[in-house]
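Any read-out appearing in this document is the output of simple, stated calculations on the displayed coordinates, not a laboratory observation. Worth saying up front: this structure is predicted, and the values here are computed from it rather than measured. Note that we place each Cβ from the backbone using ideal geometry, even for glycine, and neighbour counts take in every protein chain shown.
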Amino acid sequence: MRIEVDIKLGFKDVMIRPKRSTLKSRAQVSLERTFTFMHTGRSWTGVPIMAANMDTIGTFEMARALAAEGLFTALNKHYTLKQWGEFLANADAALLNHIAVSTGITDNDADKLDQTLTQYPGLAFTCIDVANGYSEYFVEFVKRVRRAHPNQIIIAGNVVTGEMVEELLLAGADMVKVGIGPGSVCTTRVKTGVGYPQLSAIIECADAAHGLGGLIISDGGCATPGDVAKAFGAGADFVMLGGMFAGHDECGGDIIEHQGQRSLLFYGMSSDTAMERHSGGVAEYRASEGKTVYVPYRGAVEPTVRDILGGLRSACTYVGAGKLKELSKRTTFVRVQEQHNPVFE
Ligand code: 5GP
């Protein structure tokens with residue numbers, strides 16, 4: 001046994017220190033970024049915020065709404081080939097460029113991925129997603145997808161440490177998804193004791209990825225637009241959101257009445273709800289590692305997107321970053337013991 005004693009931080013442990021700036025208004029801030037991906041040489045321009053590949057969040061409806069604002073959606077892996085066909089019949093190039101197909105790593109997943117990418121060659125991004133990205137089998141799977149689909153932009157995760165980010169990039173991933181345990185409906189830290197504070201994970205993993213020409217996606221743990229700004233400030237290239245996009249018209253599931261309030265069900269992909277829905281129940285050898293919650297209905301996602309982007313533009317203005325790209329260079333975090341004033345809570 002060994003103990004690492006240097007301090008690791010989460011979003012709640014820091015604030016971004018304001019800096020002198022020549023910017024007159026937040027309207028001057030550009031949130032678009034252009035990336036060139038290390039294995040394919042393909043490039044992408046957009047606002048690097050991504051809806052999570054969860055049943056309730058990574059939906060075709062969400063993809064249409066977010067792509068209209070320049071944001072990205074990782075579609076959940078449960079759509080059938082037929083559903084993909086119907087969705088893609090009226091998808092333009094801009095939409096195709098803002099979505100990823102998601103897959104697990106079973107043989108069935110591999111077959112379905114091969115069929116989907118063969119049948120719909122316009123799809124450019126593949127997200128290979130497992131809860132624990134530390135297994136050798138997972139690395140082998142990434143290598144196999146890279147070999148079979150050399151032109152795909154591959155996202156792989158999740159991990160939280162630099163050495164594993166490097167291994168996945170060298171195995172063929174262009175982007176690595178970072179985050180174990182910070183999610184709003186995740187109970188991994190409680191059930192297993194395993195995890196890593198998200199802000200430190202981003203800082204360490206971004207450093208490892210950027211050294212090789214790869215990118216990282218901070219996945220999970222953002223509860224406010226301020227957290228999204230902190231994730232970018234720490235060095236994330238993309239930020240993936242689940243809970244912050246929950247409760248909208250574009251989400252999967254019906255609006256239901258819960259305790260007198262119009263609500264939507266939101267659940268983790270390892271929750272009892274998800275496992276019952278997709279695998280016929282929780283297998284005997286494992287525990288559920290996700291929560292099921294009711295989220296108040298919030299209408300269309302577009303005002304929420306505007307709120308997040310407004311906060312992010314404002315954060316850039318506070319540190320004098322005219323472009324999102326400059327935010328991490330201009331970020332100094334201060335360690336704090338308090339975040340906000342709770343008087344009216
Ligand atoms: P959020 O933005 O809601 O804080 O986090 C979203 C992320 O939580 C997802 O992208 C995914 O990585 C993670 N997640 C989703 N469902 C589960 C689950 O059931 N268990 C765990 N451990 N993580 C989950």
**OP:** Whole Å is fine, so just give me how far the alpha carbon centre of the range 220-267 lies from that of the range 92-168.
**Re:** 23 Å
Subject >> Beta bridges per DSSP with both ends in the range 167-320, % antiparallel, nearest 5 >> reply: 55 percent
Original post:
So for the pair ALA27, ALA94, with labels modelled 7 Å out along Cα→Cβ, what separation do we get in nm?
Top reply: 2.1 nm
Subject >> Mean shadow area of the chain, taken as a quarter of the surface of its Cα convex hull (nm²) >> reply: 18.8 nm²
**OP:** Return the single residue from ILE217, ILE153, ILE256 with maximal mean-square fluctuation; model: Gaussian network over the chain, springs between Cα atoms under 10 Å.
**Re:** ILE256
**OP:** For the range 270-345, list log₁₀ I(q)/I(0) at each q in 0.17, 0.24 Å⁻¹, using the Debye formula over Cα point scatterers of equal strength and ignoring solvent, two decimals each.
**Re:** -0.91, -1.07
Original post:
If you count the DSSP beta bridges with both ends in the chain, what percent of them are antiparallel, to the nearest 5?
Top reply: 35 percent
Original post:
Taking only DSSP H segments of four or more residues, each worth -39500 (n - 2.57), what value at 222 nm results for the chain once the sum is divided by all its residues, to the nearest 500 deg cm²/dmol?
Top reply: -9500 deg cm²/dmol
Original post:
Roughly how large, in nm² to one decimal, is the mean projection of the convex hull of the alpha-carbon atoms in the range 44-128?
Top reply: 5.0 nm²
Subject >> Within a Gaussian network of the chain (alpha carbon springs, distance under 10 Å), most fluctuating of GLY290, GLY122, GLY260 >> reply: GLY260
Original post:
Tell me, which longest segment in the chain has none of the chymotrypsin sites (Phe, Trp or Tyr not before Pro) that fall in DSSP loops with at most 11 further Cβ atoms within 10 Å?
Top reply: 1-284
**OP:** Kindly provide log₁₀ I(q)/I(0) values, in the same order as q = 0.20, 0.21 Å⁻¹, from the Debye equation applied to equal alpha-carbon scatterers of the range 140-299.
**Re:** -1.25, -1.27
Subject >> Per principal axis, descending, Cα span of the range 91-220 in whole Å >> reply: 42, 31, 29
**OP:** May I ask for the percentage of alpha-carbon pairs in the range 229-288 that lie more than 15 Å from each other?
**Re:** 66 percent
